[in-house]
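Taking it in order: structure first as structure tokens, then the write-up.
The values are calculated or read from the model by the stated rules, or taken from the named source; none is laboratory data. Since the structure is predicted, the reported quantities are computational estimates derived from the model, not experimental observations. Note that each Cβ is placed from the backbone with ideal geometry, even for glycine, and that neighbours are counted across all protein chains shown.
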Amino acid sequence: MTATATDKTWTIESLVKWATDDFRTRGIENPRLDAEVIVAWALGIDRVRIIIDGKRPLMGEELARLRDLVKRRRAREPVAYLRGEREFYGRRFVVDKRVLVPRPDTETLVEVAMARTAHRSMSLRALDLCTGSGCVAITIARQRPTVQIHATDVSPDALAVARENAQRLGAYNVSFSAGDLFAAKVPWPKLELITANPPYIASADFETLMPDVRDFEPRLALDGGPDGLALVQRIVAEAPAHLAAGGVLALEIGAGQAAATAALLAARGFRDVTTTRDYGKVERVVSGAWED
Ligand SMILES: C[S@@+](CC[C@H](N)C(=O)[O-])C[C@H]1O[C@@H](n2cnc3c(N)ncnc32)[C@H](O)[C@@H]1O
């Protein structure tokens, strides 16, 4: 929006078009979608009203707010951080730069965890490592109100967001503590389920990530060490000491890491090691059962 451009009367339609063109020239992936989502959210309207009310003029305060949001998106700040929330498994999670933005791929982790423990659903005690926004733990807790879930993260900042989400979403069967993987204090000695979506990007690949991710999401949530599997290896090695007989370990991993992860589980003595694909058909979750 240049000095002369601000003199004209901006409408919802012209603002969306201007933001779309601006995002497109800057290489943003879904320019029209992002422009519509930002405008609809900032004006507190449904996206469909962008078409219906397209000719409505925008007032000074609205314009200033939209200009600020477009500027932030232009600098590649994720739309979820602009809105301060992201939908996951049909629920809205509060997010900001303290946590990774929940991805649809991670819904596969929830599905696998619930499917593999369906027979234990009444009395399950579970641990969600690397909980971030709490999306995995809170979703399982809300889908299965009788289970007890403990969620941990090494980042106290991330845990503050997870706690807020648990409270907002009424997940009263989730508790939290901070710590490095299994060093965090967990209320129960043996668990029927351990889930984790650990950082799994190889350190050398970090610079090649989209700027939206690389420059805004916490590096602690992404960097998985030299081959990306540093935390996966530790979790697989340490999980058996915390699992009850028949307990399940389910891990989200990156594209191309499934075979190595499945081999780690098998070598550690897990049974029924299974790889599950996400909505995009990428091998995304490796799970196994622990038999003492
Ligand atoms: C990929 S994010 C996953 C967040 C969330 N579970 C999700 O699926 O959207 C990984 C999380 O692991 C946490 N983390 C990184 N290193 C850790 C460690 N050594 N112990 C516990 N948590 C760790 C990060 O703070 C981050 O919140």
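In summary, MET122 fulfils each of the numbered conditions (1) modelled with pLDDT of 95 or more; (2) out of contact with any Lys or Arg (no Cβ under 7 Å at 6 or more places or on another chain); (3) farther than 29 Å from GLU77 by Cα with the single exception of condition (1).
Checked against the criteria, GLU164 counts as within 17 Å of the chain's Cα centre (by Cα), surrounded by fewer than 16 Cβ atoms within 10 Å (Cβ to Cβ) and assigned to a helix (DSSP H, G or I). Taking the criterion of being within 11 Å of the ligand (Cβ to nearest atom) and part of a helix (DSSP H, G or I), the residues of the stretch 143-159 that qualify are PRO156, ASP157, ALA158, LEU159. Set side by side, the residues ILE28, ILE38, ILE51 differ, and just one is part of a loop (DSSP other than H, G, I, E, B) and either out of contact with any Leu (no Cβ under 6 Å at 6 or more places or on another chain) or under 21 Å from GLU87 (Cβ atoms) (or both), which is ILE28.
For the stretch 230-279, the set of residues classified as part of a helix (DSSP H, G or I) and of a type in the set (D, E, K, R) consists of ARG234, GLU238, ARG268, listed by residue number. Among the residues of the stretch 61-70, are any crowded, with 19+ Cβ neighbours inside 10 Å and touching a Lys or Arg at 6+ places or on another chain (Cβ under 7 Å)? The answer is no, given that none of the residues of the stretch 61-70 is crowded, with 19+ Cβ neighbours inside 10 Å and touching a Lys or Arg at 6+ places or on another chain (Cβ under 7 Å). Taken over the stretch 203-229, the criterion of being among the aliphatic types (A, V, I, L, M), more than 9 Å from the ligand (Cβ to nearest atom) and either part of a helix (DSSP H, G or I) or within 18 Å of the chain's Cα centre (by Cα) (or both) is satisfied by ALA204, LEU209, MET210, VAL213.
Of the strands (runs of 3 or more DSSP E) lying entirely inside the stretch 85-142, not one carries at least 2 residues that are within 11 Å of the ligand (Cβ to nearest atom) and touching a His at 6+ places or on another chain (Cβ under 7 Å).
Filtering the stretch 59-84 to residues that are free of Cβ contacts under 8 Å to residues at least 40 places away in the same chain and assigned to a helix (DSSP H, G or I) leaves GLY60, GLU61, GLU62, ALA64, ARG65, ASP68, LEU69, LYS71, ARG72, ALA80. Screening the stretch 1-19 for residues that are assigned to a helix (DSSP H, G or I) and closer than 15 Å to ASP68 by Cα and picking the one that is modelled with the lowest pLDDT gives THR6. Quick check: is even one residue across the stretch 174-197 free of Cβ contacts under 8 Å to residues at least 60 places away in the same chain, within 27 Å of GLU85 (Cα to Cα) and more than 13 Å from the ligand (Cβ to nearest atom)? So far as the stretch 174-197 goes, yes, one or more of its residues are free of Cβ contacts under 8 Å to residues at least 60 places away in the same chain, within 27 Å of GLU85 (Cα to Cα) and more than 13 Å from the ligand (Cβ to nearest atom).
Scan the stretch 224-259 for residues that are among the hydrophobic types (A, V, I, L, M, F, W, C) and either surrounded by fewer than 16 Cβ atoms within 10 Å (Cβ to Cβ) or not assigned by TED's automatic domain parsing to the domain that holds THR275 (or both) and the total you get is 5. GLU87 fulfils the conditions (1) in contact with a helix residue (DSSP H, G or I) (Cβ under 6 Å, 6 or more places away or on another chain); (2) within 30 Å of VAL154 (Cα to Cα); (3) among the charged types (D, E, K, R) except for a single criterion, (1). Considering (1) buried (at least 17 other Cβ atoms within 10 Å of the Cβ); (2) of a type outside the set (Lys, Arg); (3) near the ligand (Cβ under 9 Å from one of its atoms); (4) not in a strand (DSSP E or B), the lone condition that ALA171 does not fulfil carries the number (3).
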